[in-house]
Amino acid sequence: MTSAGIDSGGARSPRPNIVFMMADDHASHAIGSYGSAINETPAIDRLAREGMRFDACFCTNAICSPSRAAILTGTYNHVNGVTTLDTHFDARQPTFPGMLRDAGYQTALIGKWHLGHGGIHDPTGFDYWTVLPDQGEYHDPMFLEAGGRTVVREGYATDLITDLALDWIKARDPGRPFLAMIQHKAPHRSWEPAARHATLFDDGEIPEPATLRDDYVGRATPAVEARMRMRDLSEEDLKGLVPPGLTEDEDLRWRYQRFIKDYLRCVAALDESVGRVLDFLDQMTLAADTVVVYTSDQGFFLGDHGWYDKRFMYEESLRMPLLVRYPREVQAGSTSDAIVLNVDFAQTFLDLAGVEPTRPMQGRSLRPLLNGERPADWRTSMYYRYWMHLDPSHGVRAHRGVRTTRHKLVHYYDPPQEWELFDLQEDPFEMRSLDGDRAHAAAFAELRVALDRLSDEVGDISPTADLGTPRDASR
Ligand code: CA
């Protein structure tokens, strides 16, 4: 294999290296270039300045393992089998790293895997992998490696994952392109910062989100039922007891500050990691030939709607940050508001590498968008499904939904069925569902048809069909 190919213009262009950096639960509204009001991320922002920022990147199921399976396989969760946190990934199925490896790429996975381990659940398609078991630890974490080996490494997870990735890139064969998947644990719960960031943000308060005191009036009952409120944070989450004698609102404020400061301290180390990777690529003169991606497996509620965590199809959780730098094809400082999905990533990387997928995939390559061209038939709606009905720890009901550029329809399909309809232009924080509002009945009907159409298109089985409810029945 050579590392050079022929592009459509006939000139030799190298097959790019791919550095894929993924955080766990890093919401885009905690990134400077996405307009964060609560922190600064100068290194991640450099990617936005030198590449493209996607403003409408969404996950198809806002929970860790399912999103990771969607990214690796380019398929929806009912196809790749990882619908919940408890359904481990069958790693014998084809993934884009394996396809790149078969095409001559050197491949490595460092950090969080979270798709099960042992036997058919271990990572495949990688020349080298070292991963945290399950959620892993922030401090002095253990890593799992091929052959069932375990290694305990002293230090902070974000730093160690970065060190290991840079060491691997240094030691690679420079004659062949590489894929390095750098998958951080941070800033996932339990939000444990590095020692050097322990007192960051101690001076002053982090601004509160507009919806911190949401009373859930105007939403369906799942919003009321969910156990992800500030009051649901444990002593362990908060690293201490709430001071006695606080009023209800003081209690809320105290909990929010404790939670968000630790979350943002974890993000500070992530940003440093991104800075180290970018500096390293500069020093190795690899920047021009390397696609660099920063993303997160889903978004997160940062006190929005009074919550932490994700799972719901509401914007803060649905939205993924996605920044892509590739100087050969992507204009610096560009943005795209096209709807793009986690299931698109695999085909994008294969396309950039000039490799044909060896299994049917369900996304679409983002390469035209990266090149500044939006195909006329680009999607204007997306399908979502969260399967974990009333999971005991967070109490979020299973649902599916459709999001268009303007609206969102959410269907809580287990009995008693409920719906939510939002006009995202008029109500960007999704505070008032228009379900049942006669003035919006036409939009509801149209979106309901779209939901079933999208479900059919991706081959999902309608959960209401499971319930024996005719799909064309009036609600
Ligand atoms: Ca996650």
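The values are calculated or read from the model by the stated rules, or taken from the named source; none is laboratory data. Just so it is clear, the structure is predicted and the values come from calculations on it, not from any experiment. Positions of Cβ are backbone-derived with ideal geometry, glycine not excepted, and every protein chain shown enters the neighbour counts. These accessible areas exclude ligands, DNA and RNA; they are computed on the full protein's heavy atoms, side chains included. Shrake-Rupley method; radii C 1.70, N 1.55, O 1.52, S 1.80 Å.
Computed on the stretch 340-475, with alpha-carbon pairs under 8 angstrom and 6+ residues apart, the relative contact order is 13 percent.
Extension gain D90-E154, at 0.36 nm per residue separation less the Cα-Cα distance, in nm? Show your work: numbers first, answer last.
Details: separation 64, 0.36 × 64 = 23.04 nm, distance 3.07 nm.
Stretched out fully, the D90 to E154 stretch lengthens by 20.0 nm.
Dividing the C-alpha radius of gyration of the stretch 383-466 by 2.2 N^0.38 Å, with N its residue count, gives 1.09. In this structure the amide hydrogen of F178, modeled in the peptide plane, comes within under 5 Å of the amide hydrogens of N17, I18, Q106, none closer than 5 places in sequence on its chain. Near L160: Cβ cut-off under 11 Å, other residues only, Lys/Arg at +1 and Asp/Glu at -1. The net charge is -4.
From the convex hull of the Cα coordinates of the stretch 306-419, what is the mean projected area in square nanometres? If you can, show how the numbers build up before the last one.
Numbers: hull surface 38.9 nm².
Spelled out: convex hull of the Cα atoms, projected over all directions, averaged, 9.7 nm².
Normalised by the number of residues in the chain, the mean separation of alpha-carbon contacts (under 8 Å, six or more apart) gives a relative contact order of 23 percent. Per-residue packing, averaged as other Cβ atoms within 10 Å, sorts the ranges 143-151, 25-33 into the order 25-33, 143-151, beginning with the highest.
Within 10 Å, count the other beta carbons around each residue, average over each peptide in 46-55, 288-297, 360-369, 304-313, and list them highest first.
304-313, 288-297, 46-55, 360-369
By the scheme Lys and Arg +1, Asp and Glu -1, what is the net charge of all other residues having a beta-carbon under 11 Å from that of A56?
Values: positive: R53, R319, R379, R403; negative: D55, E315, D337.
Taking every Cβ under 11 Å from that of A56, the sum is +1.
The per residue volume of the convex hull around the alpha-carbon atoms of the chain is 146 Å³. Sequence-distant contacts, meaning Cα pairs under 8 Å at least 6 residues apart, place the relative contact order of the stretch 92-165 at 24 percent.
In the context of the full set of protein chains, the chain has a per residue accessible area of 38 Å² (1.4 Å probe). Residue by residue, the stretch 171-186 carries 3J(HN,Hα) couplings of 8, 6, 7, x, x, 10, x, 9, 10, 10, 9, 9, 10, 7, 7, 5 Hz when phi is fed to the Karplus relation 6.51 cos²θ - 1.76 cosθ + 1.60 (θ = phi - 60°); x denotes Gly or Pro. May I ask you to derive the FRET efficiency for V224 and R276 from their Cβ-Cβ distance with R0 = 30 Å, giving the value to the nearest 0.05? For R0 = 30 Å, the calculated efficiency reads 0.10.
Beyond a 29 Å Cα-Cα separation, which of these cross-linked pairs lie in this structure: K112/K408; K170/K261; K112/K310; K239/K310; K185/K261?
Values: K112/K408 31 Å; K170/K261 35 Å; K112/K310 18 Å; K239/K310 21 Å; K185/K261 17 Å.
Cα-Cα > 29 Å for K112/K408; K170/K261; rest within.
Here the 3J(HN,Hα) profile of the stretch 426-433, calculated from phi with Karplus coefficients 6.51, -1.76 and 1.60 at θ = phi - 60°, is 7, 9, x, 8, 6, 9, 9, 6 Hz, Gly and Pro shown as x. From helices alone, the chain scores -8000 deg cm²/dmol at 222 nm; the rule is -39500 (n - 2.57) for each run of n ≥ 4 DSSP H residues, then divide by the residue total. Relative to one another, the C-alpha centroids of the stretch 334-403 and the stretch 230-257 are positioned 37 Å apart.
Can you pull the percent of the chain's accessible area that's carbon plus sulfur, 1.4 Å probe, other chains left in place? Walk me through the intermediate numbers first.
Values: 9240 of 18280 Å².
Roughly 51 percent of what the probe reaches on the chain is carbon or sulfur.
Radius of gyration (Cα atoms) of the stretch 157-207, expressed as a multiple of 2.2 N^0.38 Å: 1.65.
The packing ranking, built from the mean of other Cβ atoms within 10 Å per residue, places the peptides 237-250, 61-74, 207-220, 86-99 in the order 61-74, 86-99, 207-220, 237-250, highest first.
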